[in-house]
Structures are given as structure tokens and as C-alpha cells.
Amino acid sequence: MTDLAIQQALIKKLEAENKSLTLKVNRLNKKLAEHYKTINDLLEESNDLIADMKTQRNESDKEIDRLMKIIESKGLSAETE
């Protein structure tokens, strides 16, 4: 084999390795993007749940206040002995 033929064979081998590595990197990037989307979806869902919990707590606090006013207006005490 001549030097030129050896160099061409090495170039073809490197090009094949490069193509293989490019495919692997693309697959990994796709998986990474899927995981990133999943994480973002879970964070969004978590934020929604936290917002719902805050809303429910506020509504519960308002209901407690309303009931306390009713109890106080009837001359009763909400405290137990």
C-alpha cells in the first residue's frame, strides 16, 4: 500500500468513527431533551399543586374566620377547657 492509500484508508476509518460518534451524540441529545422536558413538566405540575394548596389554605382560613365570627356573635367561645 502506498502512503496515499494508507492515508485515504485512515481518513475513511476516521470518517466512519466520526459518523458513529455523531449518531451516538444525537441519540444522547434526544434523550437529554426528553428528560429535560419531563423535569420541566414535573416542575410545572409541582408549581400548580403548590398554588392550589395556597388557594385552599386561604379559602380554609376564610372559612375558619367566618365560623369564628358566627361563634363569637352567638356569645360562645371556640376555646375548650
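Which of the residues spanning region 1-37 are assigned to a helix (DSSP H, G or I), among the aliphatic types (A, V, I, L, M) and over 19 Å from the mean Cα position of the chain (by Cα)? Full working, then the answer.
Step one: filter region 1-37 for residues assigned to a helix (DSSP H, G or I), giving 3-37.
Narrowing further to those that are among the aliphatic types (A, V, I, L, M): 4-6, 9-11, 14, 16, 21, 23, 25, 28, 32-33.
L4, A5, I6, A9, L10, I11, L14, A16, L21, L23, V25 - these are the residues of region 1-37 that are assigned to a helix (DSSP H, G or I), among the aliphatic types (A, V, I, L, M) and over 19 Å from the mean Cα position of the chain (by Cα).
Restricting attention to region 56-76, and to residues there that are of a type in the set (K, R) and assigned to a helix (DSSP H, G or I), which single residue is least open to solvent (accessible area, probe 1.4 Å)? Break it down stepwise before answering.
As a first pass, look at region 56-76 and keep what is of a type in the set (K, R): 57, 62, 66, 69, 74.
Still in the running and assigned to a helix (DSSP H, G or I): 57, 62, 66, 69.
Working: R57: 137, K62: 145, R66: 114, K69: 141 Å².
Ranking the qualifying residues of region 56-76, first place goes to R66.
When you look at L42, is it at pLDDT 95 or above, open to solvent by less than 100 Å² (accessible area, probe 1.4 Å) and part of a helix (DSSP H, G or I), yes or no? Lay out the reasoning, then the answer.
Details: at pLDDT 95 or above: yes; open to solvent by less than 100 Å² (accessible area, probe 1.4 Å): no; part of a helix (DSSP H, G or I): yes.
Taking the combined requirement at face value, the residue does not satisfy it.
Which one of these is at pLDDT below 95 and out of contact with any strand residue (DSSP E or B) (no Cβ under 9 Å at 6 or more places or on another chain): T55, T80? Write out each step before concluding.
On the way: T55 fails: at pLDDT below 95.
Just one listed residue meets the conditions, T80.
Suppose the filter is of a type outside the set (G, A, S) and loosely packed, with under 10 Cβ neighbours inside 10 Å; does M53 pass it? Reasoning before the result, please.
Numbers: of a type outside the set (G, A, S): yes; loosely packed, with under 10 Cβ neighbours inside 10 Å: no.
Answer is no for this residue.
The values are calculated or read from the model by the stated rules, or taken from the named source; none is laboratory data. Values in this document were obtained by computation on a predicted structure and should not be read as measured data. No Cβ is skipped: glycine too gets one built from the backbone with ideal geometry, and neighbour counts run over all protein chains shown. What goes into the accessible areas is simple: the full protein's heavy atoms, side chains included, and nothing from ligands, DNA or RNA. Shrake-Rupley method; radii C 1.70, N 1.55, O 1.52, S 1.80 Å.
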